[in-house]
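What follows is one structure encoded as structure tokens, with my remarks underneath.
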Amino acid sequence: KQTWDSVLQPSWPAAPTTGWDHWLRAQDSLSGRECVFPEIPRVKHVATGGSTNVRGGEAAAFERRAFAGASTVETFELAGFDEAELKEAVLSAKRVSVEAAKGTQTDVSVVVKFVEEHQKLAKLFDLWHTELRGYNRQGVLALRRKGGATVYLLDMRCCPWIQER
């Protein structure tokens, strides 16, 4: 409530044009905080009618995403939420190129420019195409891949762990 009263409410837009959830994830509205982002969505709402409707390419993009199954998720682990554990994982992962990371079977890290390379990253890793989501304040986006490998995308502008190798 204190965060709402002192930070969010005073700057809340009258009509967030991209939706309240997009506005809330915007880094300038978080004031150094992080927004917990699920690696696998708990809900699937790909509607073709009503207020949240998707068509064409957007609907196809949603259908490629991983969704939780029909059963309710009762517990989950915030993987990578502990900063020390995340740092250790990033530093122990092999550093490779973006292209080499695509089909990896082992944990790897890749140094990127999130903003400039977003479209390329979105295509390579099947990320949401309009804006990068889910990275933390250290500039790390952890992508869990099929088979158990994790690709750590590290933003070269803000990830403090890049130079520690």
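Relative contact order for region 96-165 using alpha-carbon pairs under 8 Å, separation at least 6, rounded to a whole percent?
This gives 35 percent for region 96-165.
Once fully extended, how much extra length lies between Gln9 and Ala84, figured as 0.36 nm per residue of separation less the alpha-carbon to alpha-carbon distance?
Full-extension gain reported as 23.8 nm.
Once amide H atoms are placed 1.01 Å from N in the peptide plane, what residues at a sequence separation of 5 or more from Thr150, or on another chain, have their amide H within under 5 Å of its amide H?
Excluding prolines and chain starts, which carry no amide H, the hits are Asp107, Val108, Arg145.
Extension gain Gln2-Lys120, at 0.36 nm per residue separation less the Cα-Cα distance, in nm?
38.6 nm
Which residues in region 115-159 have a backbone N closer than 16 Å to a point placed 7 Å from the Cα of Arg95 along the Cα-to-Cβ line?
Once the point is set 7 Å along Cα→Cβ of Arg95, 140, 152-159 turn out to lie under 16 Å by backbone N, inside region 115-159.
The numbers here are math on the coordinates, done by the rules we state, and not lab data. Predicted model only: the values in this text are computed from it and were never measured. Glycine gets a Cβ as well: all are built from the backbone with ideal geometry, and neighbour counts include every protein chain shown.
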